[in-house]
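Engineer: Before anything else, here's the structure in question.
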Amino acid sequence: MTAPHNTRVVIGPNASMTVKVAWLVMAVMAVASLGIAVMFALQGFWPILPFAGLELAALGLALYVSLKRNRYREVIAFDGDRVVVECGMSGEGARLSIDWPRSSTRVLLEQGIHRNDPTRLCLHNGTRRLILGRCLTDEDRERLAARLRVLILAGWRGEPLEKADGMAPDGN
């Protein structure tokens, strides 16, 4: 009997905006907004200046929240007969960490409460439940659920991953 497959799966949002791009967006919007506001203020419509400032403050806050949320990660590690899940912000360490036996962990993809609600990807171990992949689309959660089931099954059987899912090591 061979050792179970050890691997890591990292879940995170599609973080396409970098800090540099956020600063560029803020600068372009500030120049445009303040340029127009100053032009109107010089014509006597000075009340537009505070509103332009509020608009830029709201944009700055939105960019800050977006960049902060882009750092969220969920790491699922399959290590021998254990499943370890850590959740938190990259660079800050894990805020949540669980360590469950691989043999008693189940992967479920649940439908939302209402017809148009997104699905929920859950790891179950006895009476404990952990919801994963909130930042993913329904299709991504379906593919991840299938992959997690294969990884857990490989640990149950104690066989190499290639035999468990019928794929070559490179995924083809």
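Engineer: Where residues in segment 1-34 are closer than 30 Å to Ala145 by Cβ and touching an Asp or Glu at 6+ places or on another chain (Cβ under 7 Å), which of them is modelled with the highest pLDDT?
Structural biologist: Ile11
Engineer: I want to confirm something. Restricting to segment 43-80 and keeping residues that are of a type in the set (Phe, Trp, Tyr) and under 30 Å from Thr105 (Cα atoms), which single residue is surrounded by the most Cβ atoms within 10 Å (Cβ to Cβ)?
Structural biologist: Phe78
Engineer: Which members of segment 61-110 meet the condition of being in contact with a Ser or Thr (Cβ under 6 Å, 6 or more places away or on another chain) and farther than 30 Å from Leu24 by Cβ?
Structural biologist: Those that are in contact with a Ser or Thr (Cβ under 6 Å, 6 or more places away or on another chain) and farther than 30 Å from Leu24 by Cβ: Phe78, Val83, Glu86, Leu109.
Engineer: Right, another one. Of the conditions (1) within 30 Å of Met17 (Cα to Cα); (2) without any contact (Cβ under 8 Å) to a residue 24 or more places away in the chain; (3) not charged (D, E, K, R); (4) not in a helix (DSSP H, G or I), Phe45 fails just one. Which one is it?
Structural biologist: Among (1) within 30 Å of Met17 (Cα to Cα); (2) without any contact (Cβ under 8 Å) to a residue 24 or more places away in the chain; (3) not charged (D, E, K, R); (4) not in a helix (DSSP H, G or I), the lone unmet condition for Phe45 is (1).
Engineer: For a quick check of your reading of the model, give me the residue pairs whose first member lies in segment 126-138 and is closer than 15 Å to Leu148 by Cβ and without any contact (Cβ under 8 Å) to a residue 40 or more places away in the chain, whose second is in a strand (DSSP E or B) and among the hydrophobic types (A, V, I, L, M, F, W, C), with beta-carbon atoms closer than 6 Å and at least 6 apart or on different chains.
Structural biologist: As it stands, the answer is Arg129/Cys122; Ile131/Cys122, since those pairs meet every condition given.
Engineer: Quick check on segment 86-101. Is at least one of its residues outside any strand (DSSP E or B), touching a residue at least 40 places away in the same chain (Cβ under 8 Å) and more than 12 Å from the chain's Cα centre (by Cα)?
Structural biologist: no
Engineer: Name the one entry in Arg141, Arg134, Arg115, Arg129 that is at pLDDT below 90 and either part of a strand (DSSP E or B) or under 24 Å from Asn70 (Cα atoms) (or both).
Structural biologist: Only one candidate passes the filter, namely Arg134.
Engineer: Scanning for something farther than 28 Å from Cys135 by Cβ and surrounded by 11 or more Cβ atoms within 10 Å (Cβ to Cβ), does segment 81-90 turn up at least one residue? Outline the logic, then answer.
Structural biologist: Start the filter on segment 81-90 by keeping residues that are farther than 28 Å from Cys135 by Cβ, which leaves 81.
With the extra rule that they be surrounded by 11 or more Cβ atoms within 10 Å (Cβ to Cβ), the set shrinks to 81.
Yes; the residues of segment 81-90 include at least one that is farther than 28 Å from Cys135 by Cβ and surrounded by 11 or more Cβ atoms within 10 Å (Cβ to Cβ).
Engineer: Another one. Restricting the search to segment 1-42, which residues are surrounded by 12 or more Cβ atoms within 10 Å (Cβ to Cβ), among the β-branched types (Val, Ile, Thr) and part of a helix (DSSP H, G or I)?
Structural biologist: Val21, Val25, Ile36, Val38
Engineer: Let me ask something else. Report the residue count in segment 91-111 for those that are surrounded by fewer than 13 Cβ atoms within 10 Å (Cβ to Cβ) and out of contact with any strand residue (DSSP E or B) (no Cβ under 7 Å at 6 or more places or on another chain).
Structural biologist: Of the residues in that region, 4 qualify.
The values are calculated or read from the model by the stated rules, or taken from the named source; none is laboratory data. Computed from a predicted model, the values in this text were never measured in an experiment. Counting neighbours? That spans all protein chains shown, and the Cβs are built from the backbone with ideal geometry, glycine included.
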